[in-house]
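Please treat every number below as a calculation from the coordinates, not as lab data. Predicted model only: the values in this text are computed from it and were never measured. Note: ideal-geometry Cβ built from the backbone for every residue, glycine included; neighbour counts use all protein chains shown.
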Amino acid sequence: MGRSDAGRARAGAPARRIGVSGLAEIGAALLGGVLRRAWPIHGGDLSEVLRIILDDGREAIVKNGPAPRTEAQMLRAIAAAGAPAPAVLAASDEALVMAPLPSDGGVNGAWASLGEALATLHASLGPRYGWPADYAFGQVAIENGWSEDWPRFWGGASRRWRRIWQTACRRGRRRPFFMAISGAAIFWRRAAGSKA
């Protein structure tokens, strides 16, 4: 994780707004290509998310966020656990570039697919609980650390959850709190092959 990437995650800073053309150009450069077309897509509650097409016909999803390199590590860990995740094509301190996933635009079967993915992810066990880097959901910092057992990990997390709840209440929104809980279910389960 790069120095600026780590700082943004720790501080819970929002993603820097680059704009469609700036973010698209960053994504194209990370792929070593020339941008032909870019447009925003749904899913950008906490960051900007674009679909890009390069002159050579390649397509990708580009997003910014509080810590793109850390998010890339998380996606790779999810894929290594056997759960579905977009392939990471490139990452920098400014952007994460992923392979597009097939979609019919509908939500039929989405809950069942989510349940299957979470079950697969949670079945993957490593030597301990935690994640090697702090992260953030929007402006809410998520402190992580290693623990040898689940109760100690969550017991030590009370300070983290208190901060998340206070931030959500201060902003008059509880949505980040519930998003953080969902993220914790995914990312804080004993990471497969985790190392200190």
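Taking amide H as placed 1.01 Å from N in the peptide plane, residue 36 has its amide H under 5 Å from the amide H of 53, 54, 55, each at least 5 places away in sequence or on another chain. Between residue 48 and 64, the built amide H atoms are under 5 Å apart, and every one of these is 5 or more places off in sequence or on another chain. Ordered by the count of other Cβ atoms within 10 Å of each Cβ, fewest first, 149, 104 give 104, 149. Couplings 3J(HN,Hα) for segment 55-60, derived from phi with the Karplus relation 6.51 cos²θ - 1.76 cosθ + 1.60 (θ = phi - 60°), are 4, 7, x, 5, 10, 7 Hz, where x marks Gly and Pro. Per-residue 3J(HN,Hα) values for segment 61-66, derived from phi via the Karplus relation 6.51 cos²θ - 1.76 cosθ + 1.60 with θ = phi - 60°, read 9, 10, 9, 9, x, x Hz in sequence order (x marks Gly and Pro). The length gained by stretching the chain between residue 116 and residue 42 to full extension, at 0.36 nm per residue less their Cα-Cα distance, is 24.3 nm. Provide the net charge surrounding residue 110, with neighbours chosen by a C-beta distance below 12 Å and charges set as Lys +1, Arg +1, Asp -1, Glu -1. Counting the neighbours of residue 110, the net charge comes to -2. Under a model in which nothing but the beta-carbon of Lys, Arg (+1) and Asp, Glu (-1) is charged, segment 51-124 shows a dipole of about 160 debye around its Cα centre. Counting neighbouring beta carbons within 10 Å and listing from fewest to most, the residues 70, 120 come out as 120, 70.
For 76, 128, 37, the sequence from fewest to most other C-beta atoms within 10 Å is 37, 76, 128. What's the local net charge at residue 100, with K and R +1, D and E -1, over the other residues with C-beta under 9 Å away? It works out to a net charge of 0. Note that segment 74-87 has calculated 3J(HN,Hα) couplings of 5, 5, 5, 5, 4, 4, 5, 7, x, 8, x, 7, x, 5 Hz, one per residue in order, obtained from phi through the Karplus relation 6.51 cos²θ - 1.76 cosθ + 1.60 (θ = phi - 60°); glycine and proline are x.
Among residues other than residue 37 with Cβ under 13 Å from its Cβ, the summed charge is -1 (Lys and Arg +1, Asp and Glu -1).
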